[in-house]
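Structure, as structure tokens:
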Amino acid sequence: MSEQTQILWTPAGVNLPSLGSRALVDVSDGDTPNIRMPIRMLSIDTPEVTARSTERAAEIDNNFVELAEWIRSGVAPVEEAFGEYLVPKLESGNAGTLHFSQGKHASEFHKDIVEKRLSRPSSDRKRNLFIRGAESSFDGYGRLLAYVAPSYSKKERDEMSRRERATFNLDLIESGWAAPFIIFPNIPGELDLPLFLEMAVDAVKEKRGQYQDPLSLPGYEYRMCEKLYSITKKLVDGESIPYREQLRWRSRYCADMRSRELFGPEDYFEIPEPYRLWIWPDDVQRAIGMLNLVPSSRH
């Protein structure tokens, strides 16, 4: 069972801006072209498959071992406490390979659950998708930020529990193949957040998916470590980098949804993973005012 949170939020509706350049799929009638576009699923983060191959994943294994050595020696621009948290994950010798494998498992699970839940019990015709956009419609890569679920009729919805009609986002959280990754202001609503947290807590407790290995890197940590490796390697090679640029590997602040305490970018590890609420620097003041956040008493 998840702990009680102090966050109450009603998501705002959205008007979608220009979609820019998108691939045309087909034209269904004179005024309806159908386009193809990527969706970045809200509030979750699955392991990356950007290594593309086992060979590249093995190279990342070695890079992360090297990064662990740089952290231990004080070369990497990392605070001591965060370094102590991170090093065991990096020096395992298989951090990249493990992450790549988990990313492929997450992708397969997603494909399987989509196939299962879009199938109709008495028809070969697949269900359509229901897509709920975010207050901030697109990410920096032009992907639509959204919750995605099978589209059910009103009659079907009336006969289903909230869990039965839940999003694919929640399915991935329950499976353990996605880490919770709620970013302000795109917070699940007051009825959805408790269910989301319950599923996230259970996935960790029951060691599902990526939580089978305690040294797993959630997607956001993996990406941070890739950036940190790149920056630190430049420093080791003698390149001069302004201090502000050295810290570009991390940027988001993090709040504890149970206590409303606000932590710095390298202190998030003190919050159990399901209860982390991420906040971009430009949104910190707004989040403090709207959520009544308070500075962490531990720092």
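Read-outs: derived from the displayed coordinates by stated rules, not from any lab. This one's a predicted model, so the numbers in the text were calculated from it and none came from an experiment. For neighbour counting, all protein chains shown are included, and Cβ atoms are generated from backbone atoms with ideal geometry for every residue, glycine included.
What the table shows:
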item: Residue with peak Gaussian network fluctuation, the chain [Cα springs, cutoff 10 Å], from 56, 120, 252; result: 120
item: Check: the chain dipole with +1 on Lys, Arg Cβ and -1 on Asp, Glu Cβ, in debye; result: 900
item: Share antiparallel - DSSP beta bridges, segment 187-299, percent rounded to 5; result: 75
item: Listed residues 110, 131, 246: farthest to the positive end of the dipole of the chain (Cβ charges); result: 131
item: Part-to-part distance (alpha-carbon centres) for segment 94-115 and segment 164-225, which is given in Å; result: 14
item: Extension gain, residue 248 back to residue 269 (0.36 nm per residue minus Cα-Cα distance, nm); result: 5.8 nm
item: Pair-distance profile P(r), taking every C-alpha pair of the chain, with 10 angstrom steps and integer %; result: 6, 24, 33, 25, 10, 3, 0
item: Burial order of peptide ranges 255-264, 68-77 (average beta-carbon count within 10 Å, highest first); result: 255-264, 68-77
item: 5 angstrom amide H check on residue 261, placed H, neighbours 5+ away; result: 256, 294
item: Mean ellipticity per residue at 222 nm, deg cm²/dmol - from DSSP H runs of n ≥ 4 across the chain, formula -39500 (n - 2.57); result: -11500 deg cm²/dmol
item: Alpha-carbon Rg with Dmax, taken over segment 193-299, Å; result: 16.2, 50
item: Residue with peak Gaussian network fluctuation, the chain [Cα springs, cutoff 10 Å], from 107, 137, 153; result: 153
item: Cα-based convex hull, segment 49-135, per residue volume (Å³, whole number); result: 158
item: Bridge type composition, the chain - antiparallel percent by DSSP, nearest 5; result: 75
